[in-house]
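A.B. asks: Take a look at this one; I'll ask things after.
The values are calculated or read from the model by the stated rules, or taken from the named source; none is laboratory data. These numbers were taken from a predicted model, which means no experiment stands behind them. For neighbour counting, all protein chains shown are included, and Cβ atoms are generated from backbone atoms with ideal geometry for every residue, glycine included. Surface accessibility is based on the protein's heavy atoms, side chains included, excluding ligands, DNA and RNA. Shrake-Rupley method; radii C 1.70, N 1.55, O 1.52, S 1.80 Å.
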Amino acid sequence: MPAGRMPCIMDVPEDSHFPVENLPYGVFRPVAGGDARVGVAIGEHVLDLAALAEADLFDDTHLRGTNAFARASLNEFMNLGRPAWTATRNRIQALLTGDDPRLANDRELRARALHSMHEVELQLPVEIGDYTDFYSSKHHAFNVGTMFRGPEHALMPNYLHLPVAYHGRASSVIPSGVDVHRPRGQILPPGSDTPVFASCRLLDFELEMGFFVAGESELGRPVSVDRAADHIFGFVIVNDWSARDIQKWEYQPLGPFNAKNFATSISPWVVTLDALEPFRIDGPAQAPEPLPYLRARDHWTLDIRLDVRLQAEGMDAPQTIAETNFRHLYWTPSQQLAHHTITGCNLRTGDLIASGTISGPERRERGSMLELAWRGTEPIELGNGETRTFLNDGDTVIMTGYCAGDGYRVGFGDARGKVLPAVE
Ligand code: CA
């Protein structure tokens, strides 16, 4: 066993995203039938937490008297707060390492509580309230600004002073594996001053990460940057599908609307802040110094490797087209929440806060087709001889990411979606 890796009663491959160090939460339904309920991923299996609760294995934790796992969303569990999350994680970890032998020694309970990943259907893990999308990557903002305004005016004057964002649409957030129809809408053809109604021709992905908010905050009371982490339950990968030609015509003066509201894919496992703790690193240098409400005593971000793969129809395997890291973001999750609530805007359990496209300094680290193919001028070559400047019908986009531990990975699984033709 590699150094640094905890023992586990289950067989977990070394490159698995879901060792006993991770324990991400999700909502699943057995293919064989039964209600949706909460589980954690362990290697190639899902551990049914409702079954463990029924067997009284959480009775002495903060979960006493609740049935938070026999639910079709994580919201009730998220509402219990960090002491309950940590106590639950410690108990699950003890059961899976064998420190607490009650699962290892109970063959009947193991048969009931452990499902092969192939035998379950994963659902949206959270009942999502509001969805906010930030624009936290300075590299992404600079790339897009350079394309449209030139490098001297690439960043808007506000960019280094506040985390730019807009309020998105929660109803069209979908779990990995749900396919996406190419949207139709108003597009201004090049050289014309009259729009046409047509299928999007410049369909794009955006590689992002998002976190789920837990715990209500009071209307009128900002959440300080130093308390923001209390409201962060865990992270997922986000693909914020984008229609660039619709966006270009509609976005001024209020920002994107139809261009972004048709689909947002997320990975199904929520990786908790406790699991990410070993991968917390110092936040990025920020100059000019932000205003006091955005200055944290502990200015942290996360070291998470991310990549995007594309598989066109007819390709045998997906091809990696971008590799970057969460650490490249300019504005941190705590700064995003502090800014979001500084007016007194309240948070609710289940809100999804996305980072915005994550691009790094290098060409290969660009998190959208718009940037990778530089507005259509530098096509991407695929292994099957085709090229891409934006997405074609039949293309599957697969985003994934993990933190590299000492002999193990804390991973997020996939956010995957295939582009289907427009609905006529
Ligand atoms: Ca976005």
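A.B. asks: Can you name the condition, by its number, that Leu63 falls short on among (1) at pLDDT 95 or above; (2) surrounded by 19 or more Cβ atoms within 10 Å (Cβ to Cβ)?
C.D. replies: Condition (1) is where Leu63 drops out.
A.B. asks: Hey, another quick one. Evaluate the following for Pro222: is it open to solvent by 20 Å² or more (accessible area, probe 1.4 Å), farther than 19 Å from Val308 by Cα and either free of Cβ contacts under 8 Å to residues at least 40 places away in the same chain or assigned to a strand (DSSP E or B) (or both)?
C.D. replies: No: the conditions fail for Pro222.
A.B. asks: Only one of (1) of a type in the set (A, V, I, L, M, F, W, C); (2) over 30 Å from Arg149 (Cα atoms); (3) surrounded by fewer than 21 Cβ atoms within 10 Å (Cβ to Cβ) fails for Ala373. Which number is that?
C.D. replies: (2)
A.B. asks: Which of the residues spanning region 206-219 are crowded, with 24+ Cβ neighbours inside 10 Å and either away from the ligand (no atom under 16 Å from the Cβ) or of a type in the set (Val, Ile, Thr) (or both)?
C.D. replies: Phe212, Val213, Ala214
A.B. asks: List the residue pairs whose Cβ atoms are under 7 Å apart, where the first residue sits in region 352-378 and is without any contact (Cβ under 8 Å) to a residue 60 or more places away in the chain, the second is within 16 Å of the ligand (Cβ to nearest atom) and not basic (Lys, Arg), and the two are 6 or more positions apart or on different chains.
C.D. replies: If the second residue must be within 16 Å of the ligand (Cβ to nearest atom) and not basic (Lys, Arg), the pairs left are Arg364/Ala322; Leu372/Ala322.
A.B. asks: Right, something else. When you look at Gly344, is it at positive phi, out of contact with any Ser or Thr (no Cβ under 8 Å at 6 or more places or on another chain) and either surrounded by 19 or more Cβ atoms within 10 Å (Cβ to Cβ) or in a loop (DSSP other than H, G, I, E, B) (or both), yes or no?
C.D. replies: yes
A.B. asks: Could you list, in sequence order, all residues of region 117-161 that are within 23 Å of Ala214 (Cα to Cα) and of a type outside the set (Val, Ile, Thr)? Give the steps one after another, and end with the answer.
C.D. replies: Let us first name the residues in region 117-161 that are within 23 Å of Ala214 (Cα to Cα), namely 122-136.
Leu122, Gln123, Leu124, Pro125, Glu127, Gly129, Asp130, Tyr131, Asp133, Phe134, Tyr135, Ser136 - these are the residues of region 117-161 that are within 23 Å of Ala214 (Cα to Cα) and of a type outside the set (Val, Ile, Thr).
A.B. asks: Would you check if there is a residue in region 304-317 being more than 19 Å from Ile266 (Cα to Cα), in contact (Cβ under 8 Å) with a residue 12 or more places away in the chain and in contact with a strand residue (DSSP E or B) (Cβ under 6 Å, 6 or more places away or on another chain)?
C.D. replies: Checked against the condition, which is being more than 19 Å from Ile266 (Cα to Cα), in contact (Cβ under 8 Å) with a residue 12 or more places away in the chain and in contact with a strand residue (DSSP E or B) (Cβ under 6 Å, 6 or more places away or on another chain), region 304-317 yields no hits at all.
A.B. asks: Still on this model: Residues that are under 26 Å from Pro24 (Cβ atoms) and within 16 Å of the ligand (Cβ to nearest atom): does region 371-390 have at least one?
C.D. replies: So far as region 371-390 goes, no, none of its residues is under 26 Å from Pro24 (Cβ atoms) and within 16 Å of the ligand (Cβ to nearest atom).
A.B. asks: Identify all residues within region 226-242 that are away from the ligand (no atom under 12 Å from the Cβ) and either open to solvent by 10 Å² or more (accessible area, probe 1.4 Å) or in contact with a Pro (Cβ under 9 Å, 6 or more places away or on another chain) (or both); write none if there are none.
C.D. replies: Asp226, Arg227, Ala228, Ala229, Asp230, His231, Ile232, Gly234, Phe235, Val236 - these are the residues of region 226-242 that are away from the ligand (no atom under 12 Å from the Cβ) and either open to solvent by 10 Å² or more (accessible area, probe 1.4 Å) or in contact with a Pro (Cβ under 9 Å, 6 or more places away or on another chain) (or both).
A.B. asks: Next question, about the same structure. What do you reckon, is Arg169 of a type in the set (Lys, Arg) and within 16 Å of the ligand (Cβ to nearest atom)? Before the answer, list the steps.
C.D. replies: Working: of a type in the set (Lys, Arg): yes; within 16 Å of the ligand (Cβ to nearest atom): yes.
Yes, satisfied.
A.B. asks: Which of the residues that make up region 329-362 are closer than 21 Å to Phe279 by Cβ, in contact with a His (Cβ under 7 Å, 6 or more places away or on another chain) and either more than 15 Å from the ligand (Cβ to nearest atom) or assigned by TED's automatic domain parsing to the domain that holds Asn79 (or both)?
C.D. replies: Across region 329-362, the qualifying residues are Thr332, Leu337, Gly360, Pro361.
A.B. asks: Determine if region 181-188 includes at least one residue that is surrounded by fewer than 23 Cβ atoms within 10 Å (Cβ to Cβ), in a loop (DSSP other than H, G, I, E, B) and in contact with a Gly (Cβ under 8 Å, 6 or more places away or on another chain).
C.D. replies: No: zero hits.
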